[in-house]
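**Q** Dropping the structure in here first, questions after.
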Amino acid sequence: MDASMQPPVIRRLELTDIASALQIERASFVTPWSEAMFVLEISKSSSVCLAAEIDGELVGYLCASRYASNWHVMNVWVDHGRS
């Protein structure tokens with residue numbers, strides 16, 4: 001990592017992040033998540049959805065969901081150019 005680059009801020013992924021995440025999904029994946037899929041994961045009490053941002057820009061996200069005693073990574077993306 002470049003010494004002048006700020007570390008990312010890690011926070012909960014919010015509904016207001018979905019528009020940015022959808023642009024990323026469409027540019028990055030053959031089968032991108034839909035808006036409804038993000039809304040569902042963000043709203044589930046058994047899910048953890050996190051965002052990484054630098055200077056207010058989304059540079060990564062993760063959605064994981066708990067099933068019984070196991071956690072499943074449902075979606076993950078990192079901007080390798082900013083990490």
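**Q** Could you provide, to the nearest whole Å², the per residue accessible area of the chain with probe 1.4 Å?
**A** Details: 5410 Å² over 83 residues.
For the chain, the per-residue accessible area is 65 Å².
**Q** Full extension from His72 to Ala36: what is 0.36 nm times the residue separation minus their Cα-Cα distance, to one decimal in nm? All intermediate terms of the calculation are to be shown ahead of the outcome.
**A** On the way: separation 36, 0.36 × 36 = 12.96 nm, distance 1.87 nm.
The His72-Ala36 span can extend by a further 11.1 nm.
**Q** Can you give the helix-only mean residue ellipticity at 222 nm for the chain, where every DSSP H stretch with n ≥ 4 adds -39500 (n - 2.57) and the sum goes over all residues, rounded to the nearest 500 deg cm²/dmol?
**A** -7000 deg cm²/dmol
**Q** Tell me the relative contact order for the chain as a rounded percent, counting alpha carbon contacts under 8 Å between residues six or more apart. Walk me through the numbers on the way to the answer.
**A** On the way: 111 pairs, mean separation 21.3, N = 83.
Contact order relative to length: 26 percent.
**Q** Related question: Looking only at the range 56-70, which residues have a backbone nitrogen under 19 Å from a spot 7 Å from the Cα of Ser43 in the C-beta direction?
**A** 63-66
**Q** Go through (1) 5.7; (2) 6.0; (3) 4.9 and flag the label whose value is the computed mean projected area of the Cα convex hull in nm² for this structure.
**A** Entry (2).
The values are calculated or read from the model by the stated rules, or taken from the named source; none is laboratory data. All values derive from a computational prediction rather than experimental measurement. Every residue, glycine among them, receives a Cβ derived from its backbone with ideal geometry; neighbour counts consider all protein chains shown. For accessibility, only protein heavy atoms count, side chains too; no ligands or nucleic acids. Shrake-Rupley method; radii C 1.70, N 1.55, O 1.52, S 1.80 Å.
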